[in-house]
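Shown next, in C-alpha cells, is the structure this report addresses.
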C-alpha cells in the first residue's frame, strides 16, 4: 500500500491563509535586514582573509579531528580544517590576526609548534589578503544576481510575465530570509554559504514551477473559475508531491548535519532552514503575486504555442 501523507481530496484554502502569511513574510524580511545591518554576517576566511597552510602527514592519512583539536586549542579565532587531494594531505585556514604581517607569521609558528615538524611536512603557506577576499565576495554576490535574472527570463519565456514576477519574488524572499538566518545565528558565512543560497534558490524554483505549471493547466480548463480558487486547487493537487519532496530532503540534510562534521555544518544548517522557507514560499508567496498582477485565462497562451509540457 503506497504511503500517503496528504489525502487526495485535500481542499485547504491556501489563499485565505496567505493574507496572514504574507504580512509574516514581510516582517521576517524586515527583521532579516535589521539583523544584517546591526549584527552583520560572521564572515569566514573566504571573505575576510587569513593564513592558509597545507600539510602532509608523513606516515599515513591525516587525522583531521586531531589537527582541528590542536589548532583550535591555540585560540586563533575562526579555523577551518579540511582534506585536500590525497588522504595524507590537509588544509588549515586561520582567520587574519590583528597585528599586521608579523602576527600572520606568528600563526604559522604556532601551528608548527603544535603539529610538529617530524610528523608533518608543510607543503604550502599562503596569506589570503583582503583584496582577494573582496573579489570572492563580489563574485559570490554577482552569481546570485545573475542566477535570479536568468531564472526570471526563463520563466517569462516558458510561462507568462506574471509567473516570472511570482517566481522571482519567491526566490528573493528565500534568499533574504536565508541571509537573515546567517545573521541571526552567526554561523560562518563563507563560499559554501553562497552555494547553499544558490541551492535553496534552485529548490524553491523547482517547487514553484511545479505549482505554476498546474495553475496554467487549470486556467486553460476552467476559464470561468476565480483565480484564487484555481491557485488553491493547483496547490492542493501538488501538495503531496511538495511535502514528500521536502521530507525526504530534510531527512538527508539532518543526517548530514549530525554526522557530516563541522566542515559542512554551515551549509547543511542553511539548507535545512532553506527547505522550510522554500516550501512555505512556493505555497504562500507565488500565488498571491499572480492575483495581485491580475492573471487571467486570456493571458495564458494555448498549449500549441508553447514548448512541450514538462514531465513530472
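Points to keep in mind about this one:
- Inspection of the stretch 98-114 identifies no residue that is surrounded by 15 or more Cβ atoms within 10 Å (Cβ to Cβ) and outside any helix (DSSP H, G or I).
- Among residues of the stretch 219-245, those that are in a helix (DSSP H, G or I) and under 15 Å from residue 294 (Cβ atoms), counted: 5
- If you check 268, 208 for being in a helix (DSSP H, G or I), within 20 Å of residue 147 (Cβ to Cβ) and in the same structural domain as residue 153 (by TED's automatic domain parsing), only one passes: 208.
- In the stretch 220-232, of all residues being within 24 Å of residue 246 (Cα to Cα) and touching a residue at least 24 places away in the same chain (Cβ under 8 Å), the one that is surrounded by the most Cβ atoms within 10 Å (Cβ to Cβ) corresponds to 231.
- Taking the stretch 205-219 as the range and being buried (at least 21 other Cβ atoms within 10 Å of the Cβ) and within 11 Å of residue 242 (Cβ to Cβ) as the test, the residues that pass are 207, 208, 211.
- In the stretch 254-265, residue modelled with the lowest pLDDT [restricted to those that are over 19 Å from residue 41 (Cα atoms) and assigned to a helix (DSSP H, G or I)]: 259
- Residue match in the stretch 160-180 (condition: surrounded by 17 or more Cβ atoms within 10 Å (Cβ to Cβ), more than 21 Å from residue 279 (Cα to Cα) and not assigned by TED's automatic domain parsing to the domain that holds residue 68): yes
- Considering only residues in the stretch 37-71 that are modelled with pLDDT under 85 and in a helix (DSSP H, G or I), the one that is farthest from residue 192 (Cα to Cα) turns out to be 48.
- Test for residue 96: is it assigned by TED's automatic domain parsing to the domain that holds residue 189 and within 29 Å of the chain's Cα centre (by Cα): no
Quick grid of which residues meet (1) under 23 Å from residue 287 (Cβ atoms); (2) at pLDDT below 80:
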site	(1), (2)
134	no, yes
146	no, no
152	yes, yes
158	yes, yes
163	yes, no
166	yes, no
172	yes, no
189	no, no
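- Among the residues listed as 263, 277, the single one being under 24 Å from residue 21 (Cβ atoms) and assigned by TED's automatic domain parsing to the domain that holds residue 145: 277
The values are calculated or read from the model by the stated rules, or taken from the named source; none is laboratory data. Keep in mind it's a predicted model, so treat the numbers as computed, not measured. Cβ coordinates were reconstructed from backbone atoms using ideal geometry, including for glycine residues, and neighbour counts include every protein chain displayed.
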